[in-house]
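The values are calculated or read from the model by the stated rules, or taken from the named source; none is laboratory data. Keep in mind that this is a model prediction, so the values were computed, not measured. In this analysis, Cβ positions are derived from the backbone assuming ideal geometry, glycine residues included, and neighbour counts consider all displayed protein chains. Heavy atoms of the whole protein, side chains included, go into the accessibility calculation; ligands, DNA and RNA do not. Shrake-Rupley method; radii C 1.70, N 1.55, O 1.52, S 1.80 Å.
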Amino acid sequence: MVLIGLISAVLSGQIARAETAPETVNIGFQKANIFALLKYRGTLDSEFKKQGITVKWIEFPAGPQMLEGLNIGSIDLAATGDAPPAFAQAAKADLVYLGHSPANPKTEAIVVPQNSPIKTVADLKGKRVALNKGSDVNYLLVRALEQAGLTYKDITPVYLPPADARAAFQRGAVDAWVIWDPYYADAETNANARLVKNAEGLVPHYTFYLASSKFADSWPQTAKQVVDQLGTLSDWANKNPQEAAKILSTSTGLPQPIWQRALGRMPYGAERMTPQVFKEQQALADTFTRVGLLPVKIDVRSATWSLDKK
């Protein structure tokens, strides 16, 4: 009877722990991504407040820094593009993939000045190309060059963050620029940029929803609630692009028409990971390893959330 009592107590303790929720959820966001939209809408805060959970929003300048925050435990959840998780995995960061957005290949592109003689990707041979190193557009550039029969060594990459890249682009210090929305929409509108090639037919380009494995495994239902909230938010944003553009304009300081242009080719959504999406993400990682941008080969599926392994 004593043994049975002890077993019951242990099981009861496990169930109690399983049914509890964290007191605080720390979410990393960038001014231009879906978590910024979720922050300003306030729906997640309201829902979690009913459950006694406080949401703390922590801003980061870019995906790599945000995933470093995830790794050291300063945040629990994040959303980034395709490339940062691969680099984080190579650095043995603590993360799992909770889900992803729909593919949005129209939101990143190779652009040149309107009067540039460059008409095709093949014309980039020997040219200076601005881009953010190790970013999603880095993958687009590699794939576009290979499709055109060139290699990464056939161009001179000029690694610059978006603001510096735009300045270099406008003063003619680089011949082309590989960029993503909303900066792409801004370049089209205000920097006299002309499209050479977007990611259609080359790379899918996802936004990934990520968590530390410790958080996702300790609070699976809370993590799932966040993904569900992202899905609800996505439905709203897709149906109300003008209102979404207004919120994101406030967040980023970019004019509302720029965001309306960007949102016209940026479908929001939140879907659980599938073998096909893992396969596509593995192709990105293997490409970065092959061209020397990623120092080691990684197994993307090693970051599968335990909830998805069952």
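Would you point out the residue of the range 187-209, among those that are open to solvent by less than 40 Å² (accessible area, probe 1.4 Å) and out of contact with any strand residue (DSSP E or B) (no Cβ under 9 Å at 6 or more places or on another chain), that is farthest from PRO117 (Cα to Cα)?
By that ranking, first place goes to PRO204.
When the range 291-310 is examined, which residues are found to be open to solvent by 50 Å² or more (accessible area, probe 1.4 Å) and either in contact with a Ser or Thr (Cβ under 8 Å, 6 or more places away or on another chain) or modelled with pLDDT under 95 (or both)? Give the steps one after another, and end with the answer.
From the range 291-310, those open to solvent by 50 Å² or more (accessible area, probe 1.4 Å) are 292, 295-297, 299, 301-302, 308-310; that's our starting set.
Passing the criteria: GLY292, PRO295, VAL296, LYS297, ASP308, LYS309, LYS310.
For VAL227, are the conditions met, namely being open to solvent by less than 50 Å² (accessible area, probe 1.4 Å), assigned to a helix (DSSP H, G or I) and either within 30 Å of PRO157 (Cβ to Cβ) or not hydrophobic (A, V, I, L, M, F, W, C) (or both)? Steps first, answer last, please.
Numbers: open to solvent by less than 50 Å² (accessible area, probe 1.4 Å): yes; assigned to a helix (DSSP H, G or I): yes; either within 30 Å of PRO157 (Cβ to Cβ) or not hydrophobic (A, V, I, L, M, F, W, C) (or both): no.
No, not satisfied.
Residue by residue, here is whether (1) among the polar types (S, T, N, Q); (2) without any contact (Cβ under 8 Å) to a residue 60 or more places away in the chain holds:
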position	(1), (2)
ILE247	no, no
GLN256	yes, yes
GLN260	yes, yes
GLY269	no, no
GLN281	yes, no
LEU284	no, no
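For the subset of the range 232-266 comprising residues that are assigned to a helix (DSSP H, G or I) and of a type in the set (D, E, K, R), which member is surrounded by the most Cβ atoms within 10 Å (Cβ to Cβ)?
Here the residue is ARG261.
Determine if the range 16-24 includes at least one residue that is crowded, with 18+ Cβ neighbours inside 10 Å and either within 28 Å of the chain's Cα centre (by Cα) or at pLDDT 50 or above (or both). Quick ask: steps written out before the conclusion?
First, the residues of the range 16-24 that are crowded, with 18+ Cβ neighbours inside 10 Å: none.
Within the range 16-24, none of the residues are crowded, with 18+ Cβ neighbours inside 10 Å and either within 28 Å of the chain's Cα centre (by Cα) or at pLDDT 50 or above (or both).
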